[in-house]
Amino acid sequence: MRYSQYFLPTLKETPADAEVISHQLMLRAGMIRKVAAGIYSYLPFGLRSVRKMEQIIREEMNRAGAIECLMPMANPAELWQESGRWEKYGKELLRFKDRKSADFCMGPTHEEVITDIVRNTVNSYRQLPLNLYQIQTKFRDEIRPRFGLMRGREFIMKDAYSFDLDDAGADLSYSKMYQAYRNIFNRCGLKYRSVEADSGAIGGSFSHEFMVLAESGEDAIVSCDSCEYAANVEKAELIYHELETPAATLELQQVDTPGQKTIEEVVEFLKLSPQQLVKTLIVQTSADEVLAVLLRGDRELNVIKLANLLDVDWVLMAEDDVVKQATGAPTGFAGPIGLKIRVIGDAEVQGMADFVVGGNAADVHFTGANQDRDFKVSQFADLRQAVAGDPCPRCENGKFESWRGIEVGHIFKLGVKYSEAMNATVLDAQGKAQPLVMGCYGIGAGRSVAAAIEQNHDENGMILPMPLAPFQVLVTMLNPKDDEVREAAETLYQQLLALNVEVLLDDRDERPGIKFKDADLIGIPLRVTVGARNLKEGNVELKARNSGTTSMVSLGDITPQLQQLISEALAFELGN
Ligand code: ATP
Ligand code: MG
């Protein structure tokens, strides 16, 4: 490809509304352009990277025995009503009507469509196992689309669905996908971890997320420093011990805390540490219950643990008016004493005595509060967010370390959730109808490329790993008006093209400074600069974008050397 004839609109300035580096660089490097919130066009340069991601995914899915298909974006409501998700999915599901007023939605995921296909075509256990996948555009009306391709409303996902006769078969399908995912992210050259995760709206019994490690990641992960346990903090378990409640030593005392609403303010005002405080969070559930949750002052509630404990779809912090109704006080002064609603406590609170709680009246707290004596807790459970330093729930001696990550892939064991709801059965060897045991497996193609940029960039631009880079080699003609330079660069370009090297020839009539700036920005891994001075010695300059190392290479050696470097950078080992 010739730069002069290509469509690569780079930007000098960082666009104001792009917060994270991958979003900034994808805009600046002419990879994407915004059309509407969370909706982007892929420009040629960006599309090349996304297509490479898709191709790596495709090859590894095929290697693992999955079979590619393609399902529609527009899904009829009937299928979603059958699974129950037409009601349950919430506002992320974009619904619309066709000209006959029939209800449709844009597929945010395709369990319903695939289950419908399989129940109508697969009758016998002999046709199993089956794993079908697609690489397709999804639509989710995300509440906060942001960070470019990282969290779009319209985005490209690979989604796969496995079908087995029984649990053991489904576990095997799951482990094949787990390995395929490792192969995919290893091939991309990304630093990542697989972690245990919550199954969320998709449902099912267990799941793993694949997290690209990056400071800007939206997810918090903990991992054990001495065993293999790693989990999203949404999921990360803490060891639950029933703790003995220490005896009360202090009298309950009401104290005035004018205007002191936050934990920090109260702690500062009463000259205490947050560990001597119990905070009372008033929450609302999808089952229309309002309840109070007690946590040590310095802890965060894990709403997913709470939703799972209560067996509800969601839990939200109550709005101010609901808090007022439940406690009689404005937000910031809730406490467990005298509350009429159910009170649940985090496990840690059971081991506390003589603490501070809110007074259920404006500008009032209690000191010397004690459970059982002053108020009752109906249940204790592991409800708080894990943090670095917490003990590992799997091994005896490990402690948690914490990381930030970008979720690029997610695999779920679904079990029979969809097959039972949609009556998808097969006949087993005894001729008895059995619900299919399913798994589903997603990877965001665009988010993976964005995550790769988050992990691989410097102040001058992108440093995409070779497997995802839009081009492998950039040949820069320093002065296109110099016949010798032009001829040498053209010859090299033609040689590389003939060898199927993905090469971009910067033949623009621009100053070297501009060409080098753009070269850094677009980050093509190998860069060959053809200039008059070096050419006199029969040399060109070779520069690696990642290490910045440069070397002089003779015209005769440059092609084989580039080929060698490319094949080394694309080499991968399977199954580790
Ligand atoms: P998140 O928690 O980030 O919203 P999710 O759990 O909803 O993700 P899945 O339903 O498991 O995501 O989707 C599979 C994959 O699709 C994710 O691992 C991610 O790579 C990608 N993906 C999900 N939502 C988006 C989005 N809004 N924009 C881009 N990619 C996405
Ligand atoms: Mg989501």
Take L272 and tell me if it is assigned to a strand (DSSP E or B) and surrounded by 15 or more Cβ atoms within 10 Å (Cβ to Cβ). no
Could you tell me whether the stretch 549-563 includes any residue that is open to solvent by less than 60 Å² (accessible area, probe 1.4 Å) and either within 30 Å of S175 (Cβ to Cβ) or in contact with a Pro (Cβ under 8 Å, 6 or more places away or on another chain) (or both)? no
Give me a count of the residues in the stretch 470-497 that are farther than 30 Å from I453 by Cα and touching an Asp or Glu at 6+ places or on another chain (Cβ under 7 Å). 1
Total residues in the stretch 93-137, condition free of Cβ contacts under 8 Å to residues at least 60 places away in the same chain and within 16 Å of ligand 2 (Cβ to nearest atom): 7
For the list (1) open to solvent by less than 50 Å² (accessible area, probe 1.4 Å); (2) assigned by TED's automatic domain parsing to the domain that holds Q81, I need the number of the one condition that V503 fails. (2)
Any residue that is among the basic types (K, R) and either within 22 Å of L301 (Cα to Cα) or in a strand (DSSP E or B) (or both) - is there at least one of those in the stretch 188-199? yes
Looking only at strands (runs of 3 or more DSSP E) that fall completely inside the stretch 396-494, which ones have 2 or more residues that are surrounded by fewer than 22 Cβ atoms within 10 Å (Cβ to Cβ)? 400-415, 425-427, 433-435
Restricting the stretch 144-166 to residues that are assigned to a loop (DSSP other than H, G, I, E, B) and near ligand 1 (Cβ under 8 Å from one of its atoms), the one surrounded by the most Cβ atoms within 10 Å (Cβ to Cβ) turns out to be G152
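Scan the stretch 105-126 and give yes if some residue there is open to solvent by 30 Å² or more (accessible area, probe 1.4 Å), within 27 Å of the chain's Cα centre (by Cα) and assigned by TED's automatic domain parsing to the domain that holds H410, otherwise no.
yes
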Which of the residues spanning the stretch 195-219 are modelled with pLDDT of 90 or more, within 12 Å of ligand 1 (Cβ to nearest atom) and open to solvent by 20 Å² or more (accessible area, probe 1.4 Å)? H208, E218, D219
Has the stretch 118-134 got any residue that is away from ligand 1 (no atom under 16 Å from the Cβ), hydroxyl-bearing (S, T, Y) and over 26 Å from D428 (Cα atoms)? no
In the stretch 89-100, is there at least one residue being open to solvent by less than 50 Å² (accessible area, probe 1.4 Å) and more than 16 Å from ligand 1 (Cβ to nearest atom)? no
Among the numbered criteria (1) open to solvent by 40 Å² or more (accessible area, probe 1.4 Å); (2) under 14 Å from L277 (Cβ atoms), which single criterion is violated by K340? (2)
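The values are calculated or read from the model by the stated rules, or taken from the named source; none is laboratory data. The structure displayed is predicted, hence computed values, not measured ones. Methodologically, a virtual Cβ is constructed for each residue, glycine included, from the backbone with ideal geometry; neighbour enumeration extends over all protein chains shown. What goes into the accessible areas is simple: the full protein's heavy atoms, side chains included, and nothing from ligands, DNA or RNA. Shrake-Rupley method; radii C 1.70, N 1.55, O 1.52, S 1.80 Å.
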